[in-house]
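> The following block contains the structure, expressed as structure tokens.
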Amino acid sequence: MSRLVRLKLLVDLAEQELDKAQLTLKQLSTNRDMTAQQIEDLKSYRQDYMARLTASGTMLPIQLSTTQAFINRLNQAIEGQQKQLESQQTLCEQAREQWLEKRVRLQAMQKLYQKVEKQVVYAENRVEQKMLDDLAAQNFRR
């Protein structure tokens, strides 16, 4: 197998790795965005719930206790989602770094392939020109 063919295979593999890294980054970003949206939804729900409570006026002590427990659970859910969001952000940053590394690697491989391809074409042209020169010399001698 020629050097050029091997390099082409390596370029193709690097392209596949880049595509996989890009897909992973996209999936992780989507998950992160969904978690951020869930946090915003929970905060909005908590705010609406508290506004309704304020508008409803006075409450019995048992209602106040139940309401406070529910708000505490909402706050815990928001905190949990924020921790998850931080974790997902870290994963996204790592995936982005991997994607950048794979992109740089692919670009280097493509440059090398193009350089070798030019060398091969140049060498083939020299061989062809030598053959033509030899043929012309043989015809001239006749």
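> Can you say whether D12 is among the acidic types (D, E), assigned to a helix (DSSP H, G or I), under 30 Å from E117 (Cβ atoms) and without any contact (Cβ under 8 Å) to a residue 12 or more places away in the chain, as far as the supplied structure shows?
When the stated conditions are applied, D12 passes them.
> Restrict the check to segment 46-63 and report whether at least one residue is free of Cβ contacts under 8 Å to residues at least 60 places away in the same chain, among the aromatic types (F, W, Y) and open to solvent by 50 Å² or more (accessible area, probe 1.4 Å).
Among the residues of segment 46-63, not one is free of Cβ contacts under 8 Å to residues at least 60 places away in the same chain, among the aromatic types (F, W, Y) and open to solvent by 50 Å² or more (accessible area, probe 1.4 Å), which makes the answer no.
> I'm checking my understanding of the structure. Among residues of segment 77-95 that are touching a residue at least 60 places away in the same chain (Cβ under 8 Å) and among the aliphatic types (A, V, I, L, M), which one is least open to solvent (accessible area, probe 1.4 Å)?
A95
> Mind telling me which of the residues Q38, Q22, Q98, Q107 ends up being open to solvent by 80 Å² or more (accessible area, probe 1.4 Å), closer than 30 Å to E124 by Cα, out of contact with any Cys (no Cβ under 6 Å at 6 or more places or on another chain) and not aliphatic (A, V, I, L, M)?
None of the others qualify; the one that does is Q107.
> A further question follows. Condition test on Q114, is it in a helix (DSSP H, G or I) and surrounded by 13 or more Cβ atoms within 10 Å (Cβ to Cβ)?
No.
The values are calculated or read from the model by the stated rules, or taken from the named source; none is laboratory data. Remember, predicted model here, so these are calculated numbers, not experimental data. With ideal geometry, Cβ positions are generated from the backbone for all residues, glycine too; neighbour counts draw on all protein chains shown. In case anyone asks, the SASA skips ligands and DNA or RNA and just uses the protein heavy atoms, side chains included. Shrake-Rupley method; radii C 1.70, N 1.55, O 1.52, S 1.80 Å.
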